[in-house]
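The values are calculated or read from the model by the stated rules, or taken from the named source; none is laboratory data. Computed from a predicted structure; not experimentally measured. All Cβ positions, glycine included, derive from the backbone under ideal geometry; neighbour counts span all protein chains shown.
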Amino acid sequence: MRDNDAARADAPADPRHFEDVSLGERLGDLQKGPFTTPHLMRWSAAIENWHKIHYDRDFTQQHDKLPDLLVNGSLKQNFLLQIVKDWATPHGWPWKVSFQFRAMDVVGSTLFVWGAVKRKIPLRDFGLVELELGIRNQEDRQSTPGKATVALPYREGGPVPYPFVPPSADELAAGEARAEGA
Amino acid sequence: MSHVTDEVKGYIGVETDVGRCWDVVERGAVRRFAQAIMDLDPAFMSEEYAAQTPYGKPVAPPLFPLMQNRLPYDGTDVISERADDPDYDGTGGAGPSSNLPPLPLGNLALLNGGSEVELFRYLHHGEGLSFRHRYADIYERETSKGLMVFVITETDYLDDDGGLVARVKRTTIRR
C-alpha cells in the first residue's frame with residue numbers, strides 16, 4: 001500500500017474478528033515518501049508548527065547542529081496510527097499506541113511502516129491484540145519503534161463499545177492470565 | 001553540568017487549568033491534516049461512508065486532537081517578537097504544551113522523544129475540544145550524545161461534555 005492510496009472502498013470492510021488473528025501476523029505495509037521539503041512544510045502549516053528544524057536548513061545545520069531538515073515526529077506518529085487504524089477499524093478500536101523517536105529521519109527519506117501481532121488477550125466482551133510497530137527508512141534503519149493495543153470483536157459477540165470503554169484492571173489481569181495459559 | 005536543578009524539579013506536578021481550543025474541529029482543517037499525513041480515509045470526509053461506521057458521522061484523524069491547541073486570535077506573536085533573535089527556533093506561542101509554564105532550561109534544543117496515546121473516541125467536524133496539561137516528570141540521563149533532559153508531560157483532551165477523548169503522555173528531549 002502506498003501513501004495516499006485512493007483506492008478506498010465506499011463501505012467499510014467486513015469486521016476483523018479476534019479469532020481471525022494469528023500471532024506473528026503482519027499488518028499491511030505502508031510506504032510514505034520520499035519526503036521533500038514541501039511535504040514537511042505542508043505538515044507544519046497544517047498544524048501551525050513553525051519549528052525551523054523542518055524547513056530552515058541553515059538554522060537546522062548551523063545552529064542546532066542537525067544533519068538536515070527533520071521529518072516531523074508529529075507526522076511520523078500519524079503513520080503508525082494509520083497502519084493500526086486501517087487494520088482494526090471501524091469495527092475494532094485502536095485503544096493504545098506508543099512510539100519513540102530514537103533516530104532522526106531527514107528530508108529525502110522514504111519511510112516504510114510495519115506492524116505485527118505480538119499477543120492476544122481474550123476479555124469477556126471483546127479481545128485485545130497487542131501489536132509491535134515500527135518505521136524504517138530506505139536504508140533499513142529503524143527510527144520509530146512502537147506498540148499498540150487494539151480491541152477487536154468476537155465472531156459471535158457484540159460490537160466493541162464506542163466510545164471505547166477500557167477494561168477494568170481486574171478484567172485485564174484475568175484476560176492476561178488466560179493468554180498466558182493458552 | 002546538571003540542568004535539572006531543584007528549581008526545575010519544582011515544576012513536576014504543575015498542572016494547567018482546563019483550556020478550550022480556539023477553533024472547533026473545522027472540516028477544512030481535517031482536510032488539510034488528512035492530506036498532509038497522506039491518509040485519505042473516507043471516514044474523515046464522507047457522510048455516506050461514516051454513516052456505516054460506529055462513528056455515524058465524519059471524524060477527524062485519530063491524532064488530530066493532539067494538534068489542536070493553536071495560538072488564540074489575540075495571542076502573543078512570538079515570531080514577530082523574536083524576529084531579530086538568532087537563537088529563536090520558531091517554537092512557542094502555540095502547540096501542545098504551550099500553556100504550561102516554560103522550564104528554565106535556557107536555549108537547550110528541543111526534540112520530540114515520543115508519546116503514549118490512549119484513545120477513547122474520535123472528534124466529529126464542528127465539535128469543540130478542551131485540554132489540561134501537567135508536567136509528570138523531569139529527569140536527565142547521560143547518553144552517547146551527551147547529557148539529555150527528558151521532560152514528560154501528560155495531557156487530557158476533553159469533549160464539550162467533559163468526556164475524555166484522548167490521554168497522552170509525551171516525552172520531550174532537551175539537549
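Does any residue of the stretch B:85-94 turn out to be closer than 22 Å to residue A:144 by Cα and charged (D, E, K, R)? No, every residue in the stretch B:85-94 fails to be closer than 22 Å to residue A:144 by Cα and charged (D, E, K, R). Residues in the stretch B:42-60 that are assigned to a loop (DSSP other than H, G, I, E, B) and aromatic (Phe, Trp, Tyr): B:55 only.
Results for (1) within 10 Å of chain B (Cβ to nearest Cβ); (2) within 26 Å of residue B:145 (Cβ to Cβ); (3) touching a residue at least 60 places away in the same chain (Cβ under 8 Å), shown as yes or no for each residue.
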site: A:57; (1), (2), (3): no, yes, no
site: A:70; (1), (2), (3): yes, yes, no
site: A:81; (1), (2), (3): yes, no, no
site: A:94; (1), (2), (3): yes, no, no
site: A:98; (1), (2), (3): yes, yes, no
site: A:107; (1), (2), (3): no, yes, yes
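Every residue, every condition in (1) under 30 Å from residue B:1 (Cα atoms); (2) touching an Asp or Glu at 6+ places or on another chain (Cβ under 9 Å), yes or no:
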| position | (1), (2) |
| --- | --- |
| B:47 | no, no |
| B:70 | no, yes |
| B:73 | no, no |
| B:113 | yes, no |
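Here are B:109, B:166: which of them is in contact (Cβ under 8 Å) with a residue 24 or more places away in the chain, within 11 Å of another protein chain (Cβ to nearest Cβ) and closer than 30 Å to residue B:54 by Cα?
Residue meeting the stated conditions: B:166.
Here the condition is being among the hydrophobic types (A, V, I, L, M, F, W, C), modelled with pLDDT of 95 or more, over 23 Å from residue B:61 (Cβ atoms) and out of contact with any Cys (no Cβ under 7 Å at 6 or more places or on another chain); of A:40, A:23, it holds for A:23 alone. Against the criterion of being surrounded by 14 or more Cβ atoms within 10 Å (Cβ to Cβ) and in contact with a strand residue (DSSP E or B) (Cβ under 7 Å, 6 or more places away or on another chain), residue B:40 does not qualify. For residue A:139, state whether it is surrounded by fewer than 19 Cβ atoms within 10 Å (Cβ to Cβ), charged (D, E, K, R), within 30 Å of residue A:167 (Cβ to Cβ) and away from chain B (no Cβ under 12 Å). Answer is no for this residue. Checked against (1) at pLDDT below 95; (2) out of contact with any Lys or Arg (no Cβ under 8 Å at 6 or more places or on another chain); (3) on the phi > 0 side of the Ramachandran plot, residue A:33 meets all criteria but (1).
Suppose we filter A:111, A:75, A:152 for residues that are within 11 Å of chain B (Cβ to nearest Cβ) and in contact (Cβ under 8 Å) with a residue 60 or more places away in the chain; which single one remains? Testing whether each residue is within 11 Å of chain B (Cβ to nearest Cβ) and in contact (Cβ under 8 Å) with a residue 60 or more places away in the chain leaves just A:111. Taking the stretch B:73-94 as the search range and keeping residues that are at the interface with chain A (Cβ under 7 Å from one of its Cβ atoms) and surrounded by 15 or more Cβ atoms within 10 Å (Cβ to Cβ), which one is nearest to the chain's Cα centre (by Cα)? Once the filter is applied, the top-ranked residue is B:94.
Would you say residue B:30 is β-branched (Val, Ile, Thr), within 11 Å of chain A (Cβ to nearest Cβ) and within 16 Å of residue A:44 (Cα to Cα)? It is true that residue B:30 is β-branched (Val, Ile, Thr), within 11 Å of chain A (Cβ to nearest Cβ) and within 16 Å of residue A:44 (Cα to Cα).
Filtering the stretch B:53-72 to residues that are modelled with pLDDT of 90 or more and surrounded by fewer than 16 Cβ atoms within 10 Å (Cβ to Cβ) leaves B:56, B:57.
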